[in-house]
Amino acid sequence: MKILKPDQVHTTVGSSMLDAERLRMRGRDVLEELLGKMSFSEAFYFIVTGRDLTPEQLRLFDACLIILMDRGITPHALVARVAHAGLPEDTQLPMIAGTMMVGNKFAGTLSGAGKLYREGAAYGGDKVEWAASVVQRFRELRKPVPGYGHPTYTDVDPRAERIIEIAAETGNSGQYVELARLLAKQIEAARGKPMVLNVTGALGAALNEIEFPVEVMRSVAAVSRAAGLVGHIYEEMHNPIFPAVVDLIGNIEYRDPE
(Lines give C-alpha, C1' and ligand atoms only; values in the text may rest on other atoms or scores of the structure.)
Protein backbone atom coordinates (compact mmCIF):
# COMPACT_ATOMS: atom_id res chain seq x y z
CA MET A 1 0.00 0.00 0.00
CA LYS A 2 1.35 3.40 -0.99
CA ILE A 3 1.74 5.81 1.90
CA LEU A 4 0.65 9.32 0.98
CA LYS A 5 2.12 12.46 2.43
CA PRO A 6 -0.23 15.02 4.05
CA ASP A 7 0.10 17.38 1.07
CA GLN A 8 -1.00 14.60 -1.28
CA VAL A 9 -4.45 14.03 0.22
CA HIS A 10 -7.50 16.27 0.35
CA THR A 11 -11.25 16.27 0.89
CA THR A 12 -13.94 18.25 -0.90
CA VAL A 13 -16.64 17.40 1.65
CA GLY A 14 -15.86 19.82 4.47
CA SER A 15 -13.16 22.08 5.87
CA SER A 16 -11.12 20.94 8.86
CA MET A 17 -12.25 21.66 12.41
CA LEU A 18 -8.77 23.11 12.91
CA ASP A 19 -9.42 25.71 10.21
CA ALA A 20 -10.79 28.69 12.15
CA GLU A 21 -10.96 30.86 9.03
CA ARG A 22 -13.36 28.69 7.06
CA LEU A 23 -16.46 26.58 7.58
CA ARG A 24 -17.01 25.08 4.16
CA MET A 25 -19.09 22.24 2.73
CA ARG A 26 -18.69 21.13 -0.87
CA GLY A 27 -17.27 24.54 -1.81
CA ARG A 28 -19.89 26.66 -0.06
CA ASP A 29 -19.83 28.75 3.09
CA VAL A 30 -21.93 26.86 5.64
CA LEU A 31 -22.93 29.92 7.68
CA GLU A 32 -23.78 32.20 4.77
CA GLU A 33 -24.89 29.89 1.97
CA LEU A 34 -26.41 26.87 3.68
CA LEU A 35 -27.77 27.69 7.14
CA GLY A 36 -31.27 29.12 6.95
CA LYS A 37 -31.38 28.49 3.22
CA MET A 38 -31.27 24.70 2.91
CA SER A 39 -33.53 22.14 4.56
CA PHE A 40 -31.95 19.08 6.16
CA SER A 41 -32.99 16.94 3.18
CA GLU A 42 -31.37 19.35 0.75
CA ALA A 43 -28.18 19.46 2.81
CA PHE A 44 -28.10 15.66 3.09
CA TYR A 45 -28.35 15.28 -0.68
CA PHE A 46 -25.85 18.11 -1.22
CA ILE A 47 -23.13 16.78 1.09
CA VAL A 48 -23.37 13.34 -0.53
CA THR A 49 -23.54 14.41 -4.19
CA GLY A 50 -22.28 18.00 -4.30
CA ARG A 51 -25.40 18.88 -6.29
CA ASP A 52 -28.58 20.80 -5.54
CA LEU A 53 -32.02 19.26 -5.71
CA THR A 54 -34.69 20.91 -7.80
CA PRO A 55 -37.92 21.68 -5.90
CA GLU A 56 -39.55 18.69 -7.59
CA GLN A 57 -36.70 16.37 -6.69
CA LEU A 58 -36.74 17.68 -3.11
CA ARG A 59 -40.39 16.75 -2.71
CA LEU A 60 -39.63 13.18 -3.83
CA PHE A 61 -36.49 12.92 -1.67
CA ASP A 62 -38.44 14.13 1.37
CA ALA A 63 -41.05 11.44 0.70
CA CYS A 64 -38.31 8.80 0.48
CA LEU A 65 -36.95 9.90 3.86
CA ILE A 66 -40.33 9.98 5.56
CA ILE A 67 -41.82 6.71 4.32
CA LEU A 68 -39.38 4.44 6.21
CA MET A 69 -39.23 6.54 9.37
CA ASP A 70 -41.49 4.20 11.31
CA ARG A 71 -43.56 1.02 11.04
CA GLY A 72 -44.42 0.36 14.68
CA ILE A 73 -42.51 -2.14 16.81
CA THR A 74 -40.20 -3.35 14.07
CA PRO A 75 -37.00 -5.28 14.81
CA HIS A 76 -35.22 -1.91 14.63
CA ALA A 77 -37.52 -0.37 17.24
CA LEU A 78 -37.41 -3.42 19.47
CA VAL A 79 -33.61 -3.50 19.49
CA ALA A 80 -33.47 0.23 20.24
CA ARG A 81 -35.94 -0.07 23.10
CA VAL A 82 -34.14 -3.07 24.62
CA ALA A 83 -30.78 -1.33 24.27
CA HIS A 84 -32.24 1.70 26.04
CA ALA A 85 -33.17 -0.50 29.00
CA GLY A 86 -29.48 -1.31 29.44
CA LEU A 87 -28.23 2.17 28.52
CA PRO A 88 -30.84 4.52 30.01
CA GLU A 89 -28.49 7.50 30.18
CA ASP A 90 -27.87 7.51 26.44
CA THR A 91 -29.96 8.18 23.36
CA GLN A 92 -27.42 7.75 20.62
CA LEU A 93 -26.36 4.19 21.51
CA PRO A 94 -29.86 2.63 21.39
CA MET A 95 -30.51 4.58 18.20
CA ILE A 96 -27.31 3.24 16.65
CA ALA A 97 -28.16 -0.29 17.79
CA GLY A 98 -31.55 -0.04 16.08
CA THR A 99 -30.14 1.36 12.84
CA MET A 100 -27.72 -1.56 12.66
CA MET A 101 -30.76 -3.68 11.81
CA VAL A 102 -31.13 -1.80 8.50
CA GLY A 103 -29.76 -4.39 6.11
CA ASN A 104 -30.46 -7.04 3.51
CA LYS A 105 -33.59 -8.25 5.29
CA PHE A 106 -35.16 -5.27 7.05
CA ALA A 107 -35.58 -1.84 5.37
CA GLY A 108 -32.20 -1.84 3.65
CA THR A 109 -33.16 -3.82 0.56
CA LEU A 110 -33.62 -0.59 -1.40
CA SER A 111 -29.88 -0.72 -2.13
CA GLY A 112 -30.18 -4.15 -3.74
CA ALA A 113 -33.17 -3.02 -5.76
CA GLY A 114 -31.38 0.17 -6.77
CA LYS A 115 -28.40 -1.83 -8.07
CA LEU A 116 -30.69 -4.07 -10.11
CA TYR A 117 -32.37 -1.09 -11.75
CA ARG A 118 -28.99 0.42 -12.58
CA GLU A 119 -28.05 -2.88 -14.14
CA GLY A 120 -31.28 -2.86 -16.15
CA ALA A 121 -30.71 0.70 -17.35
CA ALA A 122 -27.23 -0.25 -18.59
CA TYR A 123 -28.47 -3.39 -20.34
CA GLY A 124 -28.22 -2.87 -24.07
CA GLY A 125 -30.71 -5.50 -25.16
CA ASP A 126 -34.40 -6.07 -24.64
CA LYS A 127 -35.45 -5.03 -21.13
CA VAL A 128 -37.94 -7.90 -20.85
CA GLU A 129 -35.07 -10.27 -21.54
CA TRP A 130 -33.04 -8.58 -18.81
CA ALA A 131 -35.90 -8.84 -16.30
CA ALA A 132 -36.40 -12.52 -17.08
CA SER A 133 -32.69 -13.16 -16.56
CA VAL A 134 -32.81 -11.43 -13.16
CA VAL A 135 -35.71 -13.62 -12.07
CA GLN A 136 -33.86 -16.74 -13.22
CA ARG A 137 -30.67 -15.66 -11.44
CA PHE A 138 -32.41 -15.23 -8.11
CA ARG A 139 -34.37 -18.45 -8.50
CA GLU A 140 -31.11 -20.31 -8.96
CA LEU A 141 -29.69 -18.58 -5.89
CA ARG A 142 -32.92 -19.37 -4.02
CA LYS A 143 -33.09 -15.83 -2.80
CA PRO A 144 -35.89 -13.26 -3.06
CA VAL A 145 -35.45 -10.44 -5.53
CA PRO A 146 -34.75 -7.34 -3.40
CA GLY A 147 -37.64 -4.90 -3.42
CA TYR A 148 -40.38 -7.48 -4.05
CA GLY A 149 -42.77 -9.32 -1.76
CA HIS A 150 -44.16 -8.47 1.68
CA PRO A 151 -45.69 -10.59 4.46
CA THR A 152 -48.58 -8.16 5.01
CA TYR A 153 -49.13 -6.48 1.65
CA THR A 154 -49.92 -9.26 -0.80
CA ASP A 155 -51.81 -7.43 -3.55
CA VAL A 156 -50.31 -3.95 -3.40
CA ASP A 157 -47.98 -2.07 -1.07
CA PRO A 158 -49.66 1.33 -0.66
CA ARG A 159 -46.39 2.88 0.46
CA ALA A 160 -44.71 1.85 -2.78
CA GLU A 161 -47.63 3.11 -4.85
CA ARG A 162 -47.57 6.49 -3.10
CA ILE A 163 -43.83 6.91 -3.70
CA ILE A 164 -44.34 6.12 -7.38
CA GLU A 165 -47.29 8.53 -7.51
CA ILE A 166 -45.14 11.32 -6.07
CA ALA A 167 -42.39 10.48 -8.56
CA ALA A 168 -44.93 10.93 -11.36
CA GLU A 169 -46.43 14.10 -9.83
CA THR A 170 -42.98 15.68 -9.62
CA GLY A 171 -41.83 14.65 -13.08
CA ASN A 172 -39.34 12.12 -11.72
CA SER A 173 -40.89 8.95 -13.13
CA GLY A 174 -38.66 7.54 -15.83
CA GLN A 175 -36.79 4.42 -16.84
CA TYR A 176 -36.10 3.21 -13.30
CA VAL A 177 -39.77 3.23 -12.31
CA GLU A 178 -40.54 1.43 -15.57
CA LEU A 179 -37.88 -1.19 -14.80
CA ALA A 180 -39.33 -1.71 -11.31
CA ARG A 181 -42.77 -2.38 -12.80
CA LEU A 182 -41.36 -4.60 -15.54
CA LEU A 183 -39.42 -6.73 -13.08
CA ALA A 184 -42.54 -7.18 -10.95
CA LYS A 185 -44.40 -8.51 -13.99
CA GLN A 186 -41.63 -10.97 -14.79
CA ILE A 187 -41.53 -12.24 -11.20
CA GLU A 188 -45.30 -12.75 -11.28
CA ALA A 189 -45.07 -14.56 -14.61
CA ALA A 190 -42.43 -16.93 -13.27
CA ARG A 191 -44.34 -17.59 -10.03
CA GLY A 192 -47.74 -17.85 -11.62
CA LYS A 193 -49.20 -15.57 -8.95
CA PRO A 194 -48.94 -11.91 -7.89
CA MET A 195 -45.75 -10.51 -6.39
CA VAL A 196 -46.00 -7.04 -4.91
CA LEU A 197 -43.46 -4.31 -5.57
CA ASN A 198 -42.72 -3.26 -2.01
CA VAL A 199 -41.68 0.10 -0.63
CA THR A 200 -37.95 -0.58 -0.79
CA GLY A 201 -38.26 -1.49 -4.46
CA ALA A 202 -40.09 1.76 -5.11
CA LEU A 203 -37.43 3.66 -3.18
CA GLY A 204 -34.64 2.03 -5.18
CA ALA A 205 -36.31 3.27 -8.35
CA ALA A 206 -37.16 6.75 -7.02
CA LEU A 207 -33.69 7.41 -5.66
CA ASN A 208 -32.18 6.38 -8.97
CA GLU A 209 -34.51 8.81 -10.71
CA ILE A 210 -33.01 11.71 -8.71
CA GLU A 211 -29.47 10.35 -9.12
CA PHE A 212 -28.78 9.51 -5.50
CA PRO A 213 -25.67 7.28 -5.56
CA VAL A 214 -26.62 3.61 -5.40
CA GLU A 215 -23.45 2.84 -3.43
CA VAL A 216 -24.82 4.72 -0.41
CA MET A 217 -28.54 4.33 -1.10
CA ARG A 218 -29.09 2.31 2.08
CA SER A 219 -28.08 5.39 4.07
CA VAL A 220 -31.46 6.92 3.21
CA ALA A 221 -33.17 4.09 5.08
CA ALA A 222 -30.71 4.39 7.98
CA VAL A 223 -31.08 8.17 8.35
CA SER A 224 -34.86 7.91 8.07
CA ARG A 225 -35.20 5.07 10.55
CA ALA A 226 -32.78 6.74 13.01
CA ALA A 227 -35.20 9.65 13.35
CA GLY A 228 -38.10 7.29 14.01
CA LEU A 229 -36.09 5.36 16.59
CA VAL A 230 -35.59 8.51 18.64
CA GLY A 231 -39.37 8.61 18.97
CA HIS A 232 -39.42 5.01 20.19
CA ILE A 233 -36.59 5.61 22.64
CA TYR A 234 -38.32 8.68 24.05
CA GLU A 235 -41.56 6.72 24.45
CA GLU A 236 -39.64 3.89 26.13
CA MET A 237 -38.45 6.41 28.72
CA HIS A 238 -42.04 7.21 29.72
CA ASN A 239 -44.12 4.23 28.60
CA PRO A 240 -41.78 1.23 28.42
CA ILE A 241 -42.56 -2.04 26.69
CA PHE A 242 -39.36 -3.67 27.98
CA PRO A 243 -41.08 -5.24 31.02
CA ALA A 244 -43.54 -6.96 28.69
CA VAL A 245 -40.66 -8.21 26.55
CA VAL A 246 -38.94 -9.64 29.64
CA ASP A 247 -42.19 -11.28 30.71
CA LEU A 248 -42.57 -12.87 27.28
CA ILE A 249 -39.00 -14.16 27.34
CA GLY A 250 -39.50 -15.53 30.84
CA ASN A 251 -42.43 -17.61 29.65
CA ILE A 252 -40.55 -19.30 26.81
CA GLU A 253 -40.49 -22.98 27.69
CA TYR A 254 -37.14 -24.68 28.18
CA ARG A 255 -36.73 -28.23 26.87
CA ASP A 256 -33.77 -30.55 27.12
CA PRO A 257 -32.33 -31.50 23.74
CA GLU A 258 -33.64 -34.80 22.42
* Among Gly171, Gly124, Ala221, whose Cα lies farthest out toward the positive end of the dipole of the chain, if unit charges sit on the beta carbon of Lys, Arg (+1) and Asp, Glu (-1)? -> Gly124
* Structure fact -> Between the alpha carbon centres of region 96-163 and region 21-45 the gap in Å comes to 34
* Angstrom value of the Kirkwood radius, inverse mean 1/r, which spans all Cα pairs in region 49-106 -> 13.3
* How many times 2.2 N^0.38 Å is the alpha carbon radius of gyration of region 125-258? -> 1.39
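Quantify, in whole percent, the carbon and sulfur part of the accessible surface of the chain (1.4 Å probe; protein heavy atoms only). Working shown, then result.
Numbers: 8720 of 15240 Å².
On the chain, the fraction of accessible area on carbon and sulfur atoms equals 57 percent.
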* Return one quarter of the surface area of the convex hull spanned by the alpha-carbon atoms of region 1-70, equal to its mean projected area, in nm². => 7.5
* Asked: Within the chain, how many Lys pairs sit with Cα atoms under 20 Å apart, leaving out pairs fewer than 8 places apart on the same chain?
  -> 9
* Phe40 versus Glu56, label points 7 Å from Cα toward the beta carbon: distance in nm? -> 2.7
* **Contact order normalised by residue count of the chain, Cα under 8 Å, 6+ apart, percent** => 25
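How big is the shadow of the Cα convex hull of region 143-203, averaged over all directions, in nm²?
Numbers: hull surface 15.9 nm².
That works out to 4.0 nm², a quarter of the Cα hull's surface.
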* Hey, can you find the accessible area per residue of region 158-236 for me, probe 1.4 Å, expressed in square angstrom? => 38
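Suppose R0 equals 41 Å; then what is the FRET efficiency for Thr12 and Ile96 from their Cβ-Cβ distance, rounded to the nearest 0.05? Present the calculation step by step, with values, prior to reporting the outcome.
Details: r = 27 Å, r/R0 = 0.66.
About 0.90, to the nearest 0.05.
Go through 12-24, 31-43, 173-185, 115-127 and give me the packing order, highest mean Cβ count within 10 Å leading.
Details: 12-24: 10.8, 31-43: 13.5, 173-185: 19.8, 115-127: 15.2.
Most protected by this proxy first, the peptides run 173-185, 115-127, 31-43, 12-24.
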* Structure fact -> Computed ³J(HN,Hα) along region 32-47: with the Karplus parameters 6.51/-1.76/1.60, θ = phi - 60°, integer Hz and x for glycine or proline, the list is 9, 9, 10, 5, x, 10, 10, 7, 4, 4, 4, 5, 4, 4, 5, 5
* **Compactness of the chain - radius of gyration and Dmax, Cα, Å** => 21.6, 71
* Asked: Which whole-number percentage describes the relative contact order of region 132-232, with Cα contacts under 8 Å and a sequence gap of 6 or more?
  -> 35
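The values are calculated or read from the model by the stated rules, or taken from the named source; none is laboratory data. Predicted model only: the values in this text are computed from it and were never measured. Every residue, glycine as well, gets a Cβ built from its backbone with ideal geometry; the counts of neighbours run over all protein chains shown. These area figures cover heavy atoms from the full protein model, side chains too; ligands, DNA and RNA do not enter into them. Shrake-Rupley method; radii C 1.70, N 1.55, O 1.52, S 1.80 Å.
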